[in-house]
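Okay, structure first, notes after.
The values are calculated or read from the model by the stated rules, or taken from the named source; none is laboratory data. Keep in mind that this is a model prediction, so the values were computed, not measured. Cβ placement follows ideal geometry from the backbone for every residue including glycine, while neighbour counts extend to all protein chains displayed. Each accessible area value is taken on the protein alone, full model and side chains, heavy atoms only, with ligands, DNA and RNA left out. Shrake-Rupley method; radii C 1.70, N 1.55, O 1.52, S 1.80 Å.
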Amino acid sequence: MPDILAIYGSPRREGNTSVLLKQAVQGARDAGADIEEITLRDLKMSPCLEIYGCLKTGRCAIKDDFQSLYDKMLSAKGLMLASPIFFYTVSAHTKILMDRCQSLWVKKYWIDKMPEGESSPTRLGLFVSVGATKGKRLFDGTLLTIRYFFDALDMKLWRALLYRGLDFKGDVLKHPDYLKEAYEAGKDFNRALKGDI
Ligand SMILES: Cc1cc2nc3c(=O)[nH]c(=O)nc-3n(C[C@H](O)[C@H](O)[C@H](O)COP(=O)(O)O)c2cc1C
């Protein structure tokens with residue numbers, strides 16, 4: 001199993017968030033990390049059906065591509081996730097993944113009976129996002145969602161790379177400083193996972 005999972009949550013291939021996440025992946029790889037990249041758009045994944053087939057074991061009962069992702073998410077030390085802002089939250093592909101992780105929430109809080117607010121995760125998450133507009137509160141709702149998503153995975157949000165004013169494919173390429181920041185964040189993420197920073 002890889003040290004880090006990098007999950008591309010945009011439906012657009014080689015879009016702005018994907019370019020940024022690729023930079024972070026490259027940075028972490030150059031720092032020695034073993035990373036597996038997953039593009040949600042390529043998976044067959046049902047939304048959560050709220051049947052609570054996960055109640056006994058914490059494992060989702062729907063048999064589709066989420067199953068192998070579940071094992072990887074449980075074993076990875078770090079998770080990089082990229083999603084564009086769609087209607088002030090994450091993309092539908094990303095949200096489907098999140099809702100399927102209710103099984104992990106069930107495992108943590110109902111099966112393993114972790115008291116809320118008392119876990120101190122050592123596994124880390126890096127979130128990358130982009131929106132077309134420039135409002136001060138553009139990422140507010142999404143960040144709340146992301147924090148609780150990582151918490152369900154028993155991970156802590158380590159850093160969020162958030163960029164405004166990027167709309168069309170390739171817009172991010174006009175900002176070499178954003179690309180460099182993402183690359184460096186990937187490097188630092190690997191160091192943070194090793195406890196070096
Ligand atoms: C369905 C849809 C909804 C969007 N909603 C928002 C939004 O609420 N706020 C915003 O600033 N940009 C919004 N955008 C623009 C995207 O966030 C922007 O184009 C971004 O660069 C896409 O990233 P990607 O290339 O990684 O997919 C939306 C785009 C689409 C297609």
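Here are a few things to note about the model shown:
- Tail beyond 14 Å, pair distance distribution of the stretch 138-181 (Cα, percent): 59
- The stretch 1-80: radius of gyration over Cα atoms, expressed as a fraction of 2.2 N^0.38 Å: 1.23
- Pairs with C-alpha atoms separated by more than 19 Å, drawn from the list Lys22/Lys169; Lys72/Lys107; Lys22/Lys174; Lys22/Lys194; Lys22/Lys187; Lys156/Lys194, are Lys22/Lys194.
- Share of carbon and sulfur in the accessible area of the stretch 100-158 stands at 53%, probe radius 1.4 Å.
- Take the stretch 117-197 with all the other protein chains still there, run a 1.4 Å probe, and you get 54 Å² of accessible area per residue.
- Summing charges over all other residues whose Cβ lies under 14 Å from the Cβ of Ile4, with Lys and Arg as +1 and Asp and Glu as -1, gives +3.
- Modelled this way, with points 7 Å down the Cα-to-C-beta line, the labels at Gln67 and Asp167 are 4.4 nm from one another.
- Over the stretch 89-197: Kirkwood hydrodynamic radius from C-alpha pairwise inverse distances, Å: 15.6
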